[in-house]
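First the structure, in the form of structure tokens, and then the observations on it.
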Amino acid sequence: MGEIVIATGTPQVRDQRYLTSHFGLLNFRVGLRRDVAARVGQASEGQLSGLYDSIVELLDAGIEPDEAATAFPDGTLVGSDWTDDISLNDWRF
């Protein structure tokens, strides 16, 4: 499911640690850690053995300090430029 969402947006390379996409009209970005995506990709190709343990081990590495505002413990990332978004006069829409 995460791969579908990421493939739907405009691919962005801000960080080598995440696969991310930007949804321009919403000024919104979503992502998934590359190592988690790679392991899930292996599982979808039939390498299911040890999937749970592999994912837990990858996620135990934690969140980098500069990711704390947008990254989640499950390996996903959600972000926006909140300064721009808050100042948008969206009451017109």
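Computed from the coordinates by the stated procedures, all read-outs in this text should not be read as laboratory data. Because the structure is predicted, anything quoted here is derived from the model rather than measured. Note that each Cβ is placed from the backbone with ideal geometry, even for glycine, and that neighbours are counted across all protein chains shown.
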Practice task
For a quick protection proxy, order the peptides 23-32, 67-76, 43-52 by their average other-Cβ count within 10 Å, most packed first.
Solution key: 23-32, 67-76, 43-52
Practice task
Subtract the Cα-Cα distance of ALA38 and PHE23 from 0.36 nm times their separation in residues, and report this length gain in nm to one decimal.
Solution key: 3.1 nm
Fill in the blank from the handout: Between the modelled labels at ILE63 and THR76 (7 Å from Cα along Cα→Cβ) the distance in nm is 1.3
